[in-house]
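Remarks on the structure that follows.
The values are calculated or read from the model by the stated rules, or taken from the named source; none is laboratory data. All of these numbers come straight from a predicted model, not from anything done at the bench. Neighbour counts are summed over all protein chains in view; Cβ atoms, including those assigned to glycine, are modelled from backbone coordinates with ideal geometry. In case anyone asks, the SASA skips ligands and DNA or RNA and just uses the protein heavy atoms, side chains included. Shrake-Rupley method; radii C 1.70, N 1.55, O 1.52, S 1.80 Å.
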Amino acid sequence: SHDITRFNNNSFGPVACGTLQWTKEFAKKNIKLIKNTKRSDEPLGHHFEYSHFTYRNGCVRAVNRVYKEVALVPPKYHERPPIERLKEWTHHKAHWIMPVFNDIPLRFFDALFTGGIPIIPKTLQGNPIIQGLDDFCEFYTIQDLVEPEEITNRAIAKFDKLGNKGTMARHQAILNAYLS
């Protein structure tokens with residue numbers, strides 16, 4: 001069973017590939033959108049519902065009780081044009097990310113690419129794949145799923161404190177290291 005991955009950060013898995021939604025060329029054409037969009041304090045966290053992963057689905061539902069944009073959504077997301085998806089992501093300061101197991105999902109890189117602050121499980125803290133990126137993140141515990149306001153507010157405060165320089169540092173970190 002993969003249940004142990006929720007409690008153990010000593011798991012090994014695939015190599016992180018960064019974002020697949022957008023290219024470097026697309027980023028260059030839309031840098032003003034990433035840099036200048038006025039962002040909401042409402043966190044984003046749209047996740048597909050996977051029937052085999054009831055624990056993960058429950059995590060999303062728990063945070064959804066407080067934040068309506070953290071929700072299970074139909075799997076039609078990738079049918080939308082890339083610019084529409086970019087506008088959605090750049091409209092938010094913070095992004096809740098709930099992996100299926102203890103993996104590092106693409107949405108982690110998407111959040112950073114779009115300049116946001118990812119809110120990820122504490123079990124990922126210290127994972128070598130995110131080394132150098134963890135200062136850009138907030139790490140949640142099981143208790144934060146029940147009471148998500150404090151950690152969400154920390155992510156928003158981090159975004160606000162780092163300002164535009166932080167937005168661009170997060171974007172550049174993914175652009176330079178994970179996109180060709």
(message) Quick check on my filter: what residues within the stretch 47-68 are loosely packed, with under 12 Cβ neighbours inside 10 Å and β-branched (Val, Ile, Thr)?
(response) THR54
(message) If I ask for residues that are among the aliphatic types (A, V, I, L, M) and under 30 Å from ARG65 (Cβ atoms), which ones from the stretch 133-180 would you list?
(response) LEU133, ILE142, LEU145, VAL146, ILE151, ALA155, ILE156, ALA157, LEU162
(request) Only residues in the stretch 136-153 that are of a type in the set (Asp, Glu) count as the first member; pair them with residues that are part of a helix (DSSP H, G or I), Cβ under 6 angstrom, at least 6 apart or cross-chain, and list the lot. (result) GLU138/ILE151; GLU138/ARG154; GLU138/ALA155; ASP144/ILE151
(message) Let me confirm something: among PHE139, PHE109, PHE159, which residue is open to solvent by 10 Å² or more (accessible area, probe 1.4 Å), more than 19 Å from ASP41 (Cβ to Cβ) and among the aromatic types (Phe, Trp, Tyr)?
(response) PHE139
(request) List the number of the failed condition for ARG85; all other conditions in (1) assigned to a loop (DSSP other than H, G, I, E, B); (2) surrounded by fewer than 23 Cβ atoms within 10 Å (Cβ to Cβ) hold. (result) (1)
(message) Show the residue pairs meeting these rules: Cβ distance below 7 Å; 6+ apart or different chains; first residue within the stretch 66-78 and closer than 15 Å to TRP89 by Cβ; second residue open to solvent by less than 100 Å² (accessible area, probe 1.4 Å) and among the charged types (D, E, K, R).
(response) GLU69/GLU42
(request) Go through (1) more than 14 Å from the chain's Cα centre (by Cα); (2) modelled with pLDDT of 95 or more; (3) not in a loop (DSSP other than H, G, I, E, B) one by one and return the number of the condition TYR67 breaks. (result) (3)
